[in-house]
Structures are given as C-alpha cells and as structure tokens.
Amino acid sequence: MRTRFHENLDQLAAQLQAMCQRDRTAIATATNALLRADLELAEQAIDICRDLDTQRDHCEHGAVTLLALQAPVAGELRQVVTAIQLVGDLARMGVLSEHIANIARRRHPDCAIPESVQPIVARMGAAAIAMATSAVAVLGSGDPGDAAALDSQDDTMDRLHHDLMAAVLGEDWADGTTTAVDLTLLGRYYERFADHAVQVGRRTIFMATGELPDDWPSPGGE
C-alpha cells in the first residue's frame with residue numbers, strides 16, 4: 001500500500017512539472033505573438049492555456065484523492081498539501097499568459113507594443129521564460145537552493161516593470177492612452193507571472209525542508 005502511495009506521489013510531482021513546462025510554452029508563445037503581432041501564435045497560446053485547465057483538474061483530483069484515501073502524515077502530508085497550493089500558482093501562470101495573448105489578438109493586425117518600448121517588453125518576456133524554465137527545473141530536482149534563487153531572478157522582472165512604467169508615464173509619451181493602458185496591463189501580467197514563479201520556489205523550499213521560505217538563506221547570503 002505504501003509503495004503504491006509513493007508511486008502516486010511521484011506521479012503527482014511529474015504532473016506538476018509537466019504543468020509548469022506548459023506554462024513556459026504558453027508565456028513564450030504569448031510573448032512571440034505580442035511582439036510579432038501574430039494572430040496564429042496568439043491563438044496557439046490561448047489553446048495551450050486552456051489545456052492547462054485540464055491539467056489543473058487532473059492534479060487537483062490526484063492530490064485530493066491522496067488526502068482522502070491514503071491519510072498521509074508528516075512529510076508526506078506536507079508534500080500533498082503543498083502540491084495543491086502549487087497547482088493554484090501554476091494555473092494562475094497560465095491565466096496570465098492567456099491575458100497577454102488576448103491583448104495580442106485584440107490589437108491584431110496592429111502590434112500592441114510601440115517600437116519605443118519593444119526592447120523592454122521583449123526583455124520582460126525573456127525574464128518570464130527564464131523564470132518558468134527555472135521553476136520547471138526546481139520542481140524536478142526539489143533543490144531548495146535553486147528554489148531560493150528564483151527570488152533574485154524576480155528582481156530583474158521588477159526592474160523591467162519599473163522601466164516600462166517610467167516610459168509609459170513619461171512626459172514624452174506619444175503613443176496614446178489605449179496603448180498606455182495595454183502596456184500597464186501587460187506589465188502587471190508579466191510581473192504577476194514572475195511572482196507566481198517565485199511562489200513555486202518558496203513552496204518547494206517548504207515541501208523539501210519543512211522550513212518557512214523566509215528562514216531559508218538566499219543565494220550568496222550567510
């Protein structure tokens with residue numbers, strides 16, 4: 001019985017990693033659609049995000065079944081409960097990717113991103129993809145050190161978000177109110193995507209060590 005239980009735990013962990021990989025694909029596809037004003041890519045990203053709903057349902061069902069039928073205790077209970085929390089973060093990352101793709105679709109055939117800020121948005125997209133890539137690796141390894149490193153990656157996103165808002169709110173902004181609204185939303189979507197990736201790391205730390213993430217030393221710290 002316990003062997004089967006641990007096999008189910010491993011299966012749940014693999015499902016979470018696969019879900020995060022789909023998040024990475026979704027944000028990459030949505031970003032490309034946005035920067036290229038590509039309607040087909042936008043539709044692909046939206047389809048990927050809707051597939052994530054099915055993955056979320058499977059993961060939640062698997063985790064709740066383990067709680068209900070296997071009565072996990074101690075570290076096993078922590079692993080299952082954390083998995084349920086992770087599903088929420090991973091699902092939200094998909095929703096945010098879909099929001100980005102929807103802006104690209106809504107503005108097609110025009111590009112939602114003016115040339116003046118395309119480099120910033122491109123870097124935000126790259127930062128989101130990098131964080132999703134790291135989150136996939138962390139879910140695979142369960143390494144708390146790598147998980148803590150996601151916090152420092154988030155600093156890059158925060159700086160880019162600040163740069164984008166400074167450009168939109170600057171006195172020399174000349175691309176109109178509608179574009180400014182789109183960019184404000186996009187900045188928030190990318191920032192929140194990164195925040196949920198950080199949460200993946202923080203939850204992994206707790207799952208692996210039983211320690212609160214704030215008590216875990218940051219990379220390069222004492």
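For the chain, the Cα-based Rg and Dmax, in that order, read 18.9, 67 Å.
Mean sequence separation of contacting Cα pairs (under 8 Å, at least six apart), scaled by the length of the range 1-56, corresponds to a relative contact order of 34 percent. Scanning the chain for long hydrophobic helices, with DSSP H runs required to stretch 20 angstrom or more by C-alpha along their axis and to average at least 1.0 on the Kyte-Doolittle scale, returns 118-141. Calculated accessible area for the range 65-222 comes out at 47 Å² per residue, all protein chains present (probe 1.4 Å; ligands, DNA, RNA ignored). Counting heavy atoms of the protein chains alone, Glu40 has an accessible area of about 130 Å² for a 1.4 Å probe.
Entry for the range 61-115 at q = 0.24, 0.31 Å⁻¹: log10 I(q)/I(0) = -0.89, -1.10, Debye formula applied to identical alpha-carbon scatterers, no solvent contribution. Here the accessible area is traced with a 1.4 Å probe on the protein chains. For the chain, carbon and sulfur cover 51 percent of it. Here the calculated FRET efficiency for Thr178 and Leu39, from their Cβ-Cβ distance with R0 = 22 Å, stands at 0.75, rounded to the nearest 0.05.
The values are calculated or read from the model by the stated rules, or taken from the named source; none is laboratory data. These numbers were taken from a predicted model, which means no experiment stands behind them. All Cβ positions, even for glycine, are placed from backbone atoms using ideal geometry, and neighbour counts span all protein chains on display. Protein only, heavy atoms only, side chains kept; ligands, DNA and RNA dropped before computing areas. Shrake-Rupley method; radii C 1.70, N 1.55, O 1.52, S 1.80 Å.
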